[in-house]
Amino acid sequence: MTNKGLKIAKRSEISLEDKWKLEDIYIANDLWEEDFKTLKSLSNELLDFKNTITKSSDAMSNCLIMNSKIERLFEKVYAYAHMRSHEDTTNAYYQGLADRADSLNVEISSSNAFITPEILKIPAKQLKEFINENKNLQFYEKYINEITRNRAYILSESEERILAMAGEISNSPGSIFNMINNADIKFPTIKDEKGKSIEITNVRFIGLMESQDRRVRKDAFEALYSTYKKQKNTFAATLSANVKANIFNSKARKYDSARKASLFGDNISSSVYNNLIDTIHKNLHLMHRYVSLRKKMLGLKELHMYDLYTPIVKDVKMEVPYKEAVEIVKKALCPLGPKYAEDLNNGFQSGWIDRYENEGKRSGAYSWGCYDSHPYVLLNYKETVDSIFTLAHEMGHAMHSFYSHSNQPYIYAGYKIFVAEVASTFNESLLTKYMLLNASDNKEKMHLLNHYMESFRGTIYRQTMFAEFEKIIHEKAEAGESLTAELLSSIYHELNVMYYGEDIIVDDYIDMEWARIPHFYTSFYVYKYATGLSAAISLSNKVLEGKDSSLDKYLAFLKSGGSDYPIELLKNAGVDMSLSTPIEEALKVFENTLNEFEDLLCK
């Protein structure tokens, strides 16, 4: 089944082969209910350790062991409930499970809120003695060190409990946004290239924007953003509430800003974030050059924002069914060795992936799962080149998780988001090189080069623009300004003008794009796409060159989970993201791609 028709299939109409196997986590919902009850009981039992862990190393180790047990089981309960709800966001039963999991998260966070403050009460000398005399605590040493690194930002036990209880409220803006954006919002119907009516959805939107028919692109663009504009104040309120929640939490913990609070978790300096924006600003001429090339290739007197996604090489149709895409990805990733290939193939065949769009399904794509399950990948696959890259991208995440979970204990298996985008975009980099080498002719090669240039536009430039937008709106809110729809739209408009240059008309409709970006509810996340691709380009080039045991270092990185801080893990793999050098090197690849495309134009 491909779900290519104009009518969106119901979940019940999707074949089992095309669905992920969440039954591998819980074969029946009754088992989920049992674990849910177990967690409530364990959460209460954990409180028995309160006021004891400062007294002996055994009490501390037993407390940490139970807490890890609770967190590991909760991860399973939480992931299952939310992935089920994402299959069909209109399914009230699974939305109920997801809501209960959210509430349980707050309850558990409240129960274990005493742990960190009590550990911080222990003098450094005594804490070191505890670790030296207790083998279990030696296992938790890095975990404990991470707590002490947070010493300046940890509050009293009662304050920590209050913040934990407020967690559900802090998460509400994102939950409200997701329900509006995925379940409630309805977009108009437009006419496709053949004059047939087609309902716009968030999933279908990019496909419509890639249409060769400019009327279709314009109609889809205006229909989608005019729908968001009708609810601009609602979306402004949800985004503003999310920003306020970030500011509240950062101030409560005495961080200098919400951005510093977010970066602190990854042990990332603000200079890394600033370096990215500054380096992109210095290289905006390359993006402006690409926009000019796009205008020339499309033969337009005026280039508009709705012209940014359509391929600039005409009459190249690369419709790739899902199963063919799987084979392409497998071949592209062969440089990662036979063991990786074997594990990847197992993932494709073992119910990891939910392939196609259905009514109510969460838009976009992601990889998820838990420590006690294999990884899962949610797709909304369309038979496009972009979908092949999305498949490779998400399987990069999945394989990273698979190796981390297989090689690290639970408490050190979870990797930070800063490194998460490396494995995914590494796969995209290998896929690009493979597809360029196997292009059937120069026209197809130019089509693929255009796609590669789009990855730089979308992943490095556009995500950095998003990151700058987040930086600006948080700073304005921290300065006391109200984030109205008009202010948000004005900021977003000016950033588009700066990033895309003079050769494009920045249509007023694009001013509302901020309203549809789900990543803005996981604040200060998007910059990691840009740094991740920059690191991935460097590492993939090293692997293909076969120098300095680069493949072994990269595979070791995939297995390392969260065993060290992100910057150190990447240094061990062979790239230093504390410098602007990797970003500059990536942009040099972008420049070379522009040169190669223009050279082919002359042939």
Calculated from backbone phi, Karplus (6.51, -1.76, 1.60) coupling profile of the range 37-45 in Hz, x at Gly/Pro: 5, 4, 5, 4, 5, 5, 4, 5, 5
Listed residues 309, 57, 329: farthest to the positive end of the dipole of the chain (Cβ charges): 309
Inter-part distance where the range 437-501 and the range 288-323 are each reduced to a Cα centre, Å: 17 Å
Extension gain, residue 490 back to residue 168 (0.36 nm per residue minus Cα-Cα distance, nm): 112.8 nm
Spin-label model distance (nm) - residue 16 vs residue 226, 7 Å beyond Cα toward Cβ: 4.6 nm
Where N is the number of residues in the chain, Cα Rg divided by 2.2 N^0.38 Å: 0.97
Positive-end extreme of charge dipole, the chain - chosen from 103, 569, 490 (charges on Cβ): 490
Packing-based exposure ordering (other Cβ within 10 Å, fewest first) of 521, 410: 410, 521
Dipole magnitude of the chain, debye to nearest 20 (Cβ charges: Lys/Arg +1, Asp/Glu -1, about Cα centre): 360 debye
Cα shape, the range 513-603, gyration tensor, a/c 1.5 rule: oblate
19 Å reach of a label modelled at residue 147, 7 Å along Cα-to-Cβ, counting backbone N of the range 390-424: 409-414
Segment residue 65-residue 475, extension gain: residue separation times 0.36 nm, minus the distance between their alpha carbons: 143.6 nm
Sequence-distant residues sharing a close amide H with residue 376 (under 5 Å, placed H): 368, 369
Tail weight of P(r) past 23 Å, computed on alpha-carbon pairs of the range 11-165, percent: 47 percent
Calculated FRET efficiency for the pair residue 331/residue 55, C-beta based, R₀ 60 Å, to 0.05: 0.50
The range 359-384-the range 566-603 distance, computed between alpha-carbon centres (Å): 29 Å
Above-threshold pairs, the threshold being 20 Å between Cα atoms, out of 50/244; 21/76; 69/254: 50/244; 69/254
Pairwise FRET efficiency - residue 602 versus residue 41, Cβ, R0 = 60 Å, nearest 0.05: 0.25
Nonlocal amide H pairs with residue 505, under 5 Å, H built at 1.01 Å: 303, 304, 305
Euclidean distance between Cα centres, the range 210-283 to the range 144-178, Å: 21 Å
Under the Karplus curve 6.51 cos²θ - 1.76 cosθ + 1.60, θ = phi - 60°, whole-Hz ³J(HN,Hα) for the range 542-557, x wherever Gly or Pro sits: 5, 5, 5, 6, x, 9, 6, 6, 4, 5, 4, 5, 5, 5, 5, 4
Between helix 270-282 and the chain: long-axis angle, C-alpha atoms, 0 to 90°, nearest 10: 10 degrees
Per-residue ³J(HN,Hα) for the range 402-419, Karplus 6.51 cos²θ - 1.76 cosθ + 1.60, θ = phi - 60°, Hz, x for Gly and Pro: 4, 6, 5, 5, 6, 10, 10, x, 3, 5, 10, 7, x, 8, 6, 4, 4, 8
Neighbour-count order for 425, 279, 522, fewest beta carbons within 10 angstrom listed first: 522, 279, 425
Residues listed by number, the range 35-50, amide nitrogen under 16 Å from residue 372 label point at 7 Å toward C-beta: 35-43
Assigned charges on the beta-carbon of Lys, Arg, Asp, Glu; the range 11-165 dipole about Cα centre (debye): 780 debye
Cα-based equivalent ellipsoid, the range 492-553: semi-axes from gyration tensor eigenvalues, Å: 36, 16, 7
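Every number here is computed from the coordinates shown, using simple stated rules; none is lab data. As the structure is a prediction and not an experimental result, all values here were calculated from the model. A quick note on method: Cβ atoms are made from the backbone with ideal geometry, for glycine too, and the neighbour counts reach across all protein chains shown.
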